[in-house]
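*Asks:* The structure follows.
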Amino acid sequence: MYDKHWHKIHTPKWSGEEPRIRGKLEMIMNGRFFGWLAAAAVALNLGGALSASAQTHDGEENKSVNAQESKQNTGEQNLLAMASVPPTATNAPAPAPPSGGSGFHWTGFYVGGHFGRDSGHANMKVDPLPSAAQFVNLSTQSLHTDPAGKIGGLQGGFNLQRGPVVYGIESDYSFSDMKGTKVISPIVQNNGTPFPGTGVGTANSTISHQDTDWLGTLRLRLGATPVPRLLVYGTGGIAAVHSTLTETNVYSPAFVAAGTDFSSVSGPYVGWVAGGGLEWMITNNWLLRGEYLYYSLNSSPSVVAGSGNYPGFPSGYSWSNTNVSVARAALSYKF
């Protein structure tokens, strides 16, 4: 219900001042509104600036972080690269190979085979006993068998290389068919005339024969390598040669009965050996050489033999200056 009294009390009195007060209120309200608008605009602008500044700062921080991470990654990559470089890539010099700068070296054991030619010499002397004058006027005679033949066998040894110098030791064993025969016919008397006789062929003759079936050596070797694959060397040591030496005298004088004497000596004759050669390293394992060896045998075997018809007139037979020359090629495998 409408209360006039309450309305009268609580209704403001504008009277004549109402327009003026309303205008001020409107101005205040309008001022506050635009102030709020201005404050909101300022806040919006400030927020945008702060956001842009934050984004810029975040971008700079991200760039800084990325740059730092890039530097860190680069450093790690450099460390990994340095760690992956092998020690030989440094400035330290690499150790030299055993042969003094190449992939070829001579140190090691080796075995192989050889073949070639051998020739010999032996001086056989026949001395009539008890003297040349008493032995039916027979003079002293000398025969040289000069045998020759083929040779083949095995060798083995060890080399040790120090720079360009190579030391070594080697042993070999060779089969041989070296043979030689010397015949003096007719037998010569002290006065230089032929021994009289009626024999035919080898009658009134002296025959010397040498047969060698094996040779062996134990030698030291010393050489140098003018180029890594080539070894030039000398060698020397002890040698043994197995030979059989025989002689036969056939007498067929016109004035007495014919007679024959025969003697033979056999055995390993020991001496020294020396020589040299060139050896080429085909690969690190295969070696090819050419070699010359000279054997000098110190043994001087001798024997006394007599004829069945003339037992009181024997002959003395001796062999001296026995030597052998060998030229051979050899192929070896180095372990």
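The values are calculated or read from the model by the stated rules, or taken from the named source; none is laboratory data. If you're wondering where the values come from, they're calculated on a predicted model, not measured in any experiment. For neighbour counting, all protein chains shown are included, and Cβ atoms are generated from backbone atoms with ideal geometry for every residue, glycine included. Note: accessible area is taken over every heavy atom of the protein model, side chains too, but ligands, DNA and RNA are not part of it. Shrake-Rupley method; radii C 1.70, N 1.55, O 1.52, S 1.80 Å.
*Asks:* Name the residue, out of Thr193, Thr145, Thr206, that is more than 24 Å from Ala329 (Cβ to Cβ) and open to solvent by 50 Å² or more (accessible area, probe 1.4 Å).
*Replies:* Thr193
*Asks:* Please go through the stretch 106-133 and pick out each residue that is modelled with pLDDT under 90 and more than 27 Å from Asp177 (Cβ to Cβ).
*Replies:* Asp127, Pro128, Leu129, Pro130, Ser131, Ala132, Ala133 - these are the residues of the stretch 106-133 that are modelled with pLDDT under 90 and more than 27 Å from Asp177 (Cβ to Cβ).
*Asks:* On the basis of being open to solvent by 30 Å² or more (accessible area, probe 1.4 Å), over 30 Å from Phe104 (Cβ atoms) and not aliphatic (A, V, I, L, M), does Pro186 make the cut?
*Replies:* For Pro186, the condition - open to solvent by 30 Å² or more (accessible area, probe 1.4 Å), over 30 Å from Phe104 (Cβ atoms) and not aliphatic (A, V, I, L, M) - is met.
Here is a yes/no grid of residues against (1) open to solvent by less than 20 Å² (accessible area, probe 1.4 Å); (2) within 16 Å of Ser263 (Cβ to Cβ); (3) out of contact with any strand residue (DSSP E or B) (no Cβ under 6 Å at 6 or more places or on another chain):
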{"position": "Ser119", "(1), (2), (3)": "no, no, no"}
{"position": "Met124", "(1), (2), (3)": "yes, yes, no"}
{"position": "Asp127", "(1), (2), (3)": "no, yes, no"}
{"position": "Ser131", "(1), (2), (3)": "no, no, yes"}
{"position": "Gly156", "(1), (2), (3)": "no, no, no"}
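*Asks:* Mind listing whichever residues of the stretch 145-176 are modelled with pLDDT of 95 or more and among the charged types (D, E, K, R)?
*Replies:* Listed by number, the residues that qualify are Lys150, Arg162, Glu170, Asp172.
*Asks:* While we're here: Could you check the stretch 212-234 and list, in sequence order, the residues that are open to solvent by 50 Å² or more (accessible area, probe 1.4 Å) and over 22 Å from Arg162 (Cα atoms)?
*Replies:* Correct list: Asp213, Trp214, Leu218.
*Asks:* Out of all the residues in the stretch 229-270, which are at pLDDT 95 or above and not in a strand (DSSP E or B)?
*Replies:* The answer is Arg229, and nothing else.
*Asks:* When you check Ile169 against the structure, is it out of contact with any helix residue (DSSP H, G or I) (no Cβ under 8 Å at 6 or more places or on another chain), touching a residue at least 12 places away in the same chain (Cβ under 8 Å), open to solvent by less than 30 Å² (accessible area, probe 1.4 Å) and among the hydrophobic types (A, V, I, L, M, F, W, C), yes or no?
*Replies:* No; evaluated as a whole, the condition is false for this residue.
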